[in-house]
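Laboratory data are not the source of any read-out in this text; all were calculated from the coordinates shown. Quick caveat: nothing in here was measured; it's all calculated off a predicted structure. Every residue, glycine as well, gets a Cβ built from its backbone with ideal geometry; the counts of neighbours run over all protein chains shown.
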Amino acid sequence: MRRAFIAGNWKLNKTISESVEFVNAVKASVAGATGVDIGIGAQFAALKSLADACKGTNIKIGAQDCYWEESGAFTGEVAPAMLIDAGCSFVIIGHSERRQFFGETNETVNRKIKAALAAGLEVIMCCGEMLEERERGVTNKVVKDHIVNGLAGLTVEQMKKVTVAYEPVWAIGTGKTATPAQAQEVHAFIRGLLKEIFGEATAQSVRIQYGGSVKPDNVKELMAQPDVDGGLVGGASLKPDSFEKLVNFGK
């Protein structure tokens, strides 16, 4: 059985103090959540303070990006080992906004994933199509390109530390959500790709999150789909009461 994984992606939101205030507000209410892993992907400056505030809890802290080099003349970048030193256990790589606004490619996603795994981080790798790509009927082609090239060269052993997040870009922050059936269709397609690349056992063990306008009022129906194993949640993860409901979707 795949364990559910609900992760908040806070994007460019919350100061350090606001971040700590948030986790202090939700610690008790999510402490009893069973059968689910809980994560928060925060901005770099808040990571250490968040990790300290979450020690001894069931909340994992992660970063929203990393670089593939350990050190050097790469102004503005953060290495995977530095994230671990700050208390991170995972990193989000290849988010659509990184692709859209910051030139992320399948090649850079692949290099970052390999560097993150080598350093000891778990990885959430994002994939998904733009609105015009869905309208042209090339969703599967785009997703396959992201999966095949983003995960190129990884071993079965490394895939034990990778979660895939399917994020239909047209449903991020728009209020639109893929129907549970639409989400399931693409998640099943992704699992089929993983089977082709890594074999049946790995395909059945890798968690696939859905990441397009997940909210408390649709999370239970999405999570009921056989190949939806969690959520990579944006806006709905920013408020304590909403986040608590997402994490406790099974209650």
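Residues in region 49-67 include at least one that is surrounded by 17 or more Cβ atoms within 10 Å (Cβ to Cβ) and of a type in the set (Asp, Glu).
Scanning region 204-250 for residues that are part of a loop (DSSP other than H, G, I, E, B), of a type in the set (D, E, K, R), without any contact (Cβ under 8 Å) to a residue 40 or more places away in the chain and more than 15 Å from Gly41 (Cα to Cα) returns Lys215, Asp217. Looking only at residues in region 171-203 that are assigned to a helix (DSSP H, G or I) and small (Gly, Ala, Ser), the one that is surrounded by the fewest Cβ atoms within 10 Å (Cβ to Cβ) is Ala181.
I need the full set of residues from region 1-20 which are among the charged types (D, E, K, R), over 15 Å from the mean Cα position of the chain (by Cα) and buried (at least 16 other Cβ atoms within 10 Å of the Cβ), in order please.
Lys14
Of everything in region 204-251 that's within 15 Å of the chain's Cα centre (by Cα) and among the β-branched types (Val, Ile, Thr), which residue is farthest from Ser29 (Cα to Cα)? That would be Val206.
Checked against (1) closer than 21 Å to Gly234 by Cα; (2) surrounded by fewer than 20 Cβ atoms within 10 Å (Cβ to Cβ), Cys88 meets all criteria but (2).
Checking each residue in region 177-201 for being without any contact (Cβ under 8 Å) to a residue 40 or more places away in the chain, farther than 13 Å from Leu222 by Cα and touching a helix residue (DSSP H, G or I) at 6+ places or on another chain (Cβ under 6 Å) picks out Arg191, Lys195.
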